[in-house]
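Engineer: Below is a structure I'd like to ask you about.
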Amino acid sequence: MIELGLSLGFILGLRHAFEPDHLTAVSTQIVKEEKKIYALKHSLAWGLGHGIVLLLGGMILLMLELTLPPTIESVIELLIGIVLVILGFSSLKERRTISTKKTFMIGSAHGLAGSSALVLLITTSFTTVSERLGYIIIFGIGSMMGMLIVAGMLCLFQEKKGVGLQRTAAVMSIAVGVGIIVVKGAYMFHSVSR
């Protein structure tokens, strides 16, 4: 039964990489790269940042038996929305990419935003701390693999579309970022006004 749960963690990690905020964060960088190896490096940097913070955040929350309050999660997600808007506009303005260190930091922010929800999921599904940490690790590996698949797909499209794909990625990043800002802002406003 544990093997099934861990396998599911890998599959859900793969799927997780295809969520709109993750796709747009990485695509704004990948489509600017002329060499595929650099696009893969950005995907790997994002995936490592995401996975490491997810693991560290998950470990801390598990060991202290805590979850992040919804307001803190919303603030983190709101900041991610702002980062996506900034990435989108900067991608429209210039062809130059950011460093893989910055891509790692963006992935880290996404990992921080998702750690509490993941811990809530695994505490109801697994009984021991080692099983829960194993799930987080497998989920993170799945997420990294999914991001590498995203990079490969974007590299194929980039060969055919060129700069048009960069504009599309930029506009999508802005749109997803604004969507997150509106939804999380409304949630936070509603929470405070109660």
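Engineer: So, in nm, how far is label Met105 from label Arg167 when the simple model puts each one 7 Å beyond its Cα toward the Cβ?
Structural biologist: 3.0
Engineer: Let me ask you something else. Would you check the accessible area of Leu112, probe 1.4 Å, heavy atoms only, in square angstrom rounded to 10?
Structural biologist: In the full protein context, Leu112 sits at about 80 Å².
Engineer: Compute the length gained on full extension between Glu19 and Ile82: take 0.36 nm times their separation in residues and subtract their Cα-Cα distance, giving the result in nm to one decimal. Could the numbers behind the result be given before it?
Structural biologist: Details: separation 63, 0.36 × 63 = 22.68 nm, distance 1.68 nm.
Length gained, Glu19 through Ile82: 21.0 nm.
Engineer: Right, another one. On the accessible surface of the chain, probed at 1.4 Å, how many percent belong to carbon and sulfur atoms?
Structural biologist: 74
Engineer: How high is the relative contact order of the chain, in percent, with contacts defined as C-alpha pairs under 8 Å that are six or more residues apart?
Structural biologist: Numbers: 286 pairs, mean separation 86.7, N = 194.
Reported as a whole number, the value is 45 percent.
Engineer: Stretch Leu56-Leu121 to full length: gain in nm at 0.36 nm per residue minus the Cα-Cα span?
Structural biologist: Length gained, Leu56 through Leu121: 21.8 nm.
Engineer: Starting from 0.36 nm per residue, how many nanometres of slack lie between Glu3 and Tyr38 once their C-alpha separation is accounted for? Don't jump to the answer; show the numbers that get you there.
Structural biologist: On the way: separation 35, 0.36 × 35 = 12.60 nm, distance 3.44 nm.
Stretched out fully, the Glu3 to Tyr38 stretch lengthens by 9.2 nm.
Engineer: Quick one: how many lysine pairs in the chain have C-alpha atoms under 19 angstrom apart, if they're 8 or more apart or on different chains?
Structural biologist: 18
Engineer: What does the accessible area of Ile37 come to, in Å² to the nearest 10, when a probe of 1.4 Å is used?
Structural biologist: Taking all protein chains as shown, Ile37 has close to 90 Å².
Engineer: Classify the stretch 22-106 as rounded, prolate or oblate, taking a ≥ b ≥ c as the square roots of the eigenvalues of its Cα gyration tensor: rounded when a/c is under 1.5, otherwise prolate if a/b is larger than b/c and oblate if not. Write down the numbers at each step before the final one.
Structural biologist: Details: a/c = 3.95, a/b = 1.72, b/c = 2.29.
Note, shape of the stretch 22-106 comes out oblate.
Engineer: Using the membrane-span-like helix rule (whole DSSP H runs, Cα extent along the own axis of at least 27 Å, mean Kyte-Doolittle hydropathy at least 1.6), which helices of the chain qualify?
Structural biologist: For the chain, where a helix must reach 27 Å along its axis and average at least 1.6, the hits are 70-93.
Engineer: Could you report the chain's accessible area per residue, 1.4 Å probe, as an integer in Å²?
Structural biologist: 53
Engineer: Using a 1.4 angstrom probe with every protein chain in place, what is the largest-first accessible-area order of Phe10, Phe89, Phe139? The partial results should precede the final answer.
Structural biologist: Details: Phe10 75, Phe89 110, Phe139 20 Å².
Reading off the accessible areas and sorting them downward yields Phe89, Phe10, Phe139.
Engineer: With unit charges on the beta carbons (Lys and Arg positive, Asp and Glu negative) and the dipole taken about the Cα centre of the chain, which residue among Ala17, Gly107, Ile86 sits farthest to the positive side?
Structural biologist: Toward the positive end, the furthest listed residue is Ile86.
Engineer: Quick one: work out Rg over Rh on the C-alpha atoms of the stretch 48-187, Rh as Kirkwood radius.
Structural biologist: 1.02
The values are calculated or read from the model by the stated rules, or taken from the named source; none is laboratory data. Please read these numbers as outputs of a predicted model, since none were measured by experiment. Ideal geometry is used to build each Cβ from the backbone, glycine not excepted, and the neighbour counts take in all protein chains shown. Only protein heavy atoms, including side chains, enter the accessible area calculation; ligands, DNA and RNA are left aside. Shrake-Rupley method; radii C 1.70, N 1.55, O 1.52, S 1.80 Å.
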